[in-house]
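> Once you've had a glance at the structure underneath, I'll fire off some questions.
The values are calculated or read from the model by the stated rules, or taken from the named source; none is laboratory data. All figures in this text were calculated on a predicted structure; none of them were measured in a lab. Note that we place each Cβ from the backbone using ideal geometry, even for glycine, and neighbour counts take in every protein chain shown. Ligands, DNA and RNA are excluded from the accessible area calculation, which covers all protein heavy atoms including side chains. Shrake-Rupley method; radii C 1.70, N 1.55, O 1.52, S 1.80 Å.
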Amino acid sequence: MLHLVTPSTVTNRAIMRIRKVPRQLIGHGMGLLPPGSFGRAIFWRMATEISFLRYCAALTPFPVAMLLFPEAALPIGQFPAFMFLVVYLVESRVLSVDNAERRHRLMPEEEAERGADIARARGRQILTRIAARRGLRSGDLHLVIEQSSLARIPPITLVSLQTATPEPQILELDDEERQLIRDTLFDAEFTEDRMHVTSLALGRFLHDVTLDARSVSAHARLEALATA
């Protein structure tokens, strides 16, 4: 599930005020949702990023058991340590990959690094076309690709275009630039799921792809002009 984060695609624009680049955004939860997304798949997927809701879901069997077996309600309620253990096991063993051995079982490190390299190469391709299309001559552009650290649930990928000049900010993307990202970042060979396994295997969930606008070739600029 790919979500392009821009000032116009979030419900809480205060999140867009950043002090450094690259800035991680995924921890801001529901404020990142696009307007009008209540009840849609992305709404429920973002809800799983809220730890309190996950804790409540993990503890759901206990009140259900109390309702089904009233005579056991008091003994169940007297074991908060067991409830804490259930939450810990769900978070650390089910929804995360918490050590190097488990990460290596997901994907060998060399293959994971190749996946990160693919994302980096495609990110630079996207940035080159955006910089050429905008006629940028100086400054660094950052394509910040973030993925959730939660395992065994469908991945969510947040992509934002950030820059530190003239001040740290998250840039707006027009329709053509958004479509460029959707068409270029993932395909049938390098899918979002594969990148998520790559992120889990590396324990690296923020991928910062940087491009100096001065490095954009004259050929890329001419191609952008021709396309325009």
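> Kindly state which strands (runs of 3 or more DSSP E) lie completely within the stretch 125-213 and contain at least 3 residues that are surrounded by fewer than 20 Cβ atoms within 10 Å (Cβ to Cβ) and on the phi < 0 side of the Ramachandran plot.
Numbers: elements: 140-147, 157-163, 206-212.
So the answer is 206-212.
> Please pick out the residue among VAL64, VAL97 that is part of a helix (DSSP H, G or I) and more than 30 Å from GLU172 (Cβ to Cβ).
On the way: VAL97 fails: part of a helix (DSSP H, G or I).
Result of the check over VAL64, VAL97: VAL64.
> Report yes if ILE26 is touching a residue at least 24 places away in the same chain (Cβ under 8 Å), surrounded by 13 or more Cβ atoms within 10 Å (Cβ to Cβ), under 30 Å from LEU141 (Cβ atoms) and in contact with a Ser or Thr (Cβ under 7 Å, 6 or more places away or on another chain), otherwise no.
Numbers: touching a residue at least 24 places away in the same chain (Cβ under 8 Å): yes; surrounded by 13 or more Cβ atoms within 10 Å (Cβ to Cβ): yes; under 30 Å from LEU141 (Cβ atoms): yes; in contact with a Ser or Thr (Cβ under 7 Å, 6 or more places away or on another chain): yes.
Yes, satisfied.
> Tally time: how many residues in the stretch 34-59 are out of contact with any helix residue (DSSP H, G or I) (no Cβ under 6 Å at 6 or more places or on another chain) and outside any helix (DSSP H, G or I)?
Summing the residues that are out of contact with any helix residue (DSSP H, G or I) (no Cβ under 6 Å at 6 or more places or on another chain) and outside any helix (DSSP H, G or I) in the stretch 34-59 gives 7.
> Checking the condition hydrophobic (A, V, I, L, M, F, W, C), closer than 21 Å to LEU202 by Cβ and touching a helix residue (DSSP H, G or I) at 6+ places or on another chain (Cβ under 7 Å), which residue from VAL159, VAL94, VAL144 passes?
On the way: VAL94 fails: touching a helix residue (DSSP H, G or I) at 6+ places or on another chain (Cβ under 7 Å); VAL144 fails: touching a helix residue (DSSP H, G or I) at 6+ places or on another chain (Cβ under 7 Å).
Unique residue meeting the criteria: VAL159.
> In the stretch 77-86, is there at least one residue being exposed (fewer than 12 other Cβ atoms within 10 Å of the Cβ), out of contact with any helix residue (DSSP H, G or I) (no Cβ under 8 Å at 6 or more places or on another chain), within 30 Å of ARG204 (Cα to Cα) and of a type outside the set (Val, Ile, Thr)?
Yes - at least one qualifying residue is present in the stretch 77-86.
> Those residues that are over 14 Å from ARG214 (Cβ atoms) and free of Cβ contacts under 8 Å to residues at least 24 places away in the same chain, I need them from the stretch 115-153; list them, please.
ASP117, ALA121
> Which of (1) more than 17 Å from SER149 (Cα to Cα); (2) surrounded by 14 or more Cβ atoms within 10 Å (Cβ to Cβ); (3) among the aliphatic types (A, V, I, L, M) does ILE42 not meet, given it meets every other one?
(1)
> Let me ask another. Residue check: is ALA72 modelled with pLDDT of 85 or more, open to solvent by less than 70 Å² (accessible area, probe 1.4 Å) and in a helix (DSSP H, G or I)? Steps first, please.
Numbers: modelled with pLDDT of 85 or more: no; open to solvent by less than 70 Å² (accessible area, probe 1.4 Å): yes; in a helix (DSSP H, G or I): yes.
In short, no.
> Return yes or no: is ALA112 of a type in the set (A, V, I, L, M), in contact (Cβ under 8 Å) with a residue 40 or more places away in the chain and not in a loop (DSSP other than H, G, I, E, B)?
On the way: of a type in the set (A, V, I, L, M): yes; in contact (Cβ under 8 Å) with a residue 40 or more places away in the chain: yes; not in a loop (DSSP other than H, G, I, E, B): yes.
Taking the combined requirement at face value, the residue satisfies it.
> Return only the number of the condition from (1) open to solvent by less than 70 Å² (accessible area, probe 1.4 Å); (2) at pLDDT 90 or above; (3) of a type in the set (Asp, Glu); (4) part of a helix (DSSP H, G or I) that GLU91 does not satisfy.
The failed condition is (2).
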